[in-house]
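**Q** Please find one structure pasted underneath; my questions will follow.
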Amino acid sequence: MTKPHPEPVQVVKQRRDAALRALASCVPYNRFLGISFDRRGDELTGVLTFDDKLIGNPMLPALHGGVTAAFLETTAVMALSWEYLWDDFESGLIDVAQLEAGDLPRLPKTVDFTIDYLRSGLPRDAYARARITRLGRRYASVHAEAWQDNRSRPIAQGAGHFVMPERADRDDD
């Protein structure tokens, strides 16, 4: 019996990128704000593409605090969702076509999310990454950080707790 050949790396990469794009675009607020996600290995980076509608204080000008908070929370939810749904994407239980058709899987629900505003967001693209500090069967904790030109100079950071969707096949905690 011969072993099946593994898929070419480029095919796997394209499938994973398409799944991430479809998952992120299923959330209307992501589309409205212009939030997309970039994947490098197992690390997701949220990208908030600058648009004039995101300005809260035109005198500075600075990104609206609510936009910054939403960007961090969305990045945290997407990181959790990607981690939580990874096996389903890889095994084919969730197909990109399902997501593109609007069949969105259950996503984590925010219990609380605390933001620390560290400096004004300037009128340019922003980036964010989330680090999952705990992922259990029912509950998760995430820390997120947003920056613009220099990752070592974040504009905001946040920490949140989330209720995870129920899954009958999940036995870890």
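**Q** Which of these, Tyr127, Tyr29, Tyr84, has the largest mean-square fluctuation under a Gaussian network model of the chain (Cα springs below 10 Å)?
**A** Tyr29
**Q** Here's something else I'd like to know. Roughly how big is the stretch 9-163's charge dipole about its Cα centre, with Cβ charges of +1 (Lys, Arg) and -1 (Asp, Glu), in debye to the nearest 20?
**A** In total the dipole reaches around 240 debye.
**Q** Which residues among the stretch 129-156 fall inside the zone where the amide N is under 11 Å from a point 7 Å beyond the Cα of Asp52, along Cα→Cβ?
**A** none
**Q** Next question. Pick from Pro105, Pro123, Pro58: which residue has the top mean-square fluctuation in a GNM of the chain where Cα pairs under 10 Å get a spring?
**A** Answer for the Gaussian network model of the chain: Pro58.
**Q** Divide by every residue of the chain the summed helix terms, -39500 (n - 2.57) for each DSSP H run of at least 4, and state the resulting mean residue ellipticity at 222 nm, rounded to the nearest 500 deg cm²/dmol.
**A** -10000 deg cm²/dmol
**Q** Which of these, Gln14, Gln98, Gln148, has the largest mean-square fluctuation under a Gaussian network model of the chain (Cα springs below 10 Å)?
**A** Maximum fluctuation in the GNM of the chain, among the listed residues, is at Gln14.
**Q** Not counting the cut sites, what is the longest span of the chain without trypsin sites (Lys or Arg not before Pro) that DSSP labels loop and that have at most 16 other Cβ atoms within 10 Å?
**A** It runs 1-105.
**Q** Okay, next question. Setting aside same-chain residues fewer than 8 positions from Lys3, which lysines have a Cα under 25 Å from its Cα?
**A** Lys13
**Q** Let me ask another. What whole-number value in cubic angstrom gives the convex hull volume per residue for the C-alpha atoms of the stretch 1-96?
**A** 101
**Q** Return the FRET efficiency for the residue pair Met59, Asn150: r is the Cβ-Cβ distance, R0 is 30 Å, and the value is rounded to the nearest 0.05.
**A** Working: r = 24 Å, r/R0 = 0.80.
Using R0 = 30 Å, I get an efficiency of 0.80.
**Q** Which one, [x] 16.0, 46; [y] 17.3, 70; [z] 15.4, 43, gives Rg and Dmax of the Cα atoms in Å as derived from the coordinates shown?
**A** Working out Rg and Dmax of the Cα atoms in Å from the coordinates points to [y].
**Q** Right, another one. Taking the Cβ of Gly158 as the center, what net charge do the other residues with Cβ under 12 Å away carry, scoring Lys and Arg +1 and Asp and Glu -1?
**A** So the surrounding residues net to -2.
**Q** To continue, here is another question. Working from Cα positions, state the angle (0 to 90°, nearest 10) between the long axis of helix 9-25 and the longest principal axis of the chain.
**A** 50
**Q** Something else: Can you give the angle from 0 to 90° between the axis of helix 65-91 and the longest principal axis of the chain, with both taken from C-alpha atoms, to the nearest 10?
**A** With both axes taken from Cα atoms, the answer is about 10 degrees.
None of the figures in this text is laboratory data; all of them are computed from the coordinates on show. Not measured: the values here are computed from a predicted model. Using ideal geometry, Cβ is built from the backbone for each residue, glycine included, and neighbour counts are taken over all protein chains shown.
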